[in-house]
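Readers should treat all values here as calculations from the given coordinates under stated rules, not as data from a laboratory. For clarity, every value in this text was computed on a predicted model and none was experimentally measured. Glycine also receives a Cβ, built like all others from the backbone with ideal geometry; neighbour counts cover every protein chain displayed.
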Amino acid sequence: MNQKSRAWFYVAIQFLLIFLLVLSPRMEQPYGGLSEIVGFIGLGFIALGSLLLLYSFLGLGNSLTALPIPREGGGLVTTGIYSRVRHPIYFALMVMGFGVILDSGYWPQVIVYMMLFALLNTKADFEESLLKEKYPQYAKYAEKTPRFFPRLGR
């Protein structure tokens with residue numbers, strides 16, 4: 001499988017898992033009397049993840065691409081949210097997915113969420129190998145910047 005086919009495969013599986021996560025059935029009262037509060041917290045995570053996703057998209061500028069292959073004519077972005085985490089789009093998807101799980105309370109979504117996390121980790125490995133090839137400074141950037149979860153207080 002060539003790089004472009006592999007990239008499209010990862011994107012297709014990612015969208016399938018997000019689709020399964022979002023469209024899985026929702027339980028009526030998954031947390032008993034706390035269901036409304038936990039659901040509201042879940043919606044907060046979805047909103048936070050959505051804002052992070054938008055901010056991450058905007059931060060990439062002309063380097064934004066749907067594929068985990070560096071864009072021709074793009075550059076390595078290490079400022080803004082990218083100075084805090086190497087893959088903020090993936091982080092945003094994880095935050096949103098966690099919110100969906102909290103809101104719906106449907107336990108099979110946890111399995112889909114774990115599959116999404118594993119896929120994003122594999123996709124990040126692939127993407128980072130290409131970024132290291134294209135940008136010699138990527139290795140140094142990767143040493144000091146966390147992959148998915150930003151450090152607090154930095």
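Of the residues TYR82, LEU43, GLY33, the one whose Cα sits farthest towards the positive end of the charge dipole of the stretch 26-103 is TYR82 (charges of +1 on Lys and Arg Cβ, -1 on Asp and Glu Cβ, taken about the Cα centre).
Could you give the alpha-carbon Rg of the stretch 1-41 over 2.2 N^0.38 Å, rounded to two decimals? Walk me through the intermediate numbers first.
Values: Rg = 17.0 Å, N = 41, 2.2 N^0.38 = 9.0 Å.
Computed over Cα atoms of the stretch 1-41, the ratio equals 1.88.
In µm²/s, what is D for the chain at 25 °C and 0.890 mPa s, where D = kT/(6 pi eta Rh) by Stokes-Einstein and Rh is the Kirkwood radius from Cα pairs? Display every interim value, and only then the final one.
Details: Rh = 16.6 Å.
Roughly 148 µm²/s, to the nearest whole number.
Entry note, the chain: the mean residue ellipticity at 222 nm calculated from DSSP H runs of n ≥ 4, each adding -39500 (n - 2.57), is -22000 deg cm²/dmol after division by the residues and rounding to the nearest 500.
Once you have the Cα-Cα distance between GLU72 and PHE117, take 0.36 nm times their residue separation minus that, and quote the gain in nm to one decimal. Could you put the intermediate results ahead of the total?
On the way: separation 45, 0.36 × 45 = 16.20 nm, distance 2.74 nm.
That pair, GLU72 and PHE117, stretches by 13.5 nm at full extension.
When each full DSSP H helix of the chain is screened for a Cα extent of at least 20 Å along its own axis and an average Kyte-Doolittle hydropathy of at least 0.5, the helices passing are 3-23, 35-60, 88-104. Cα-based values for the stretch 25-103, radius of gyration first and Dmax second, are 16.1, 54 Å. Computed extension gain for PHE40 through PHE19, at 0.36 nm per residue and net of the alpha carbon distance, reaches 5.5 nm.
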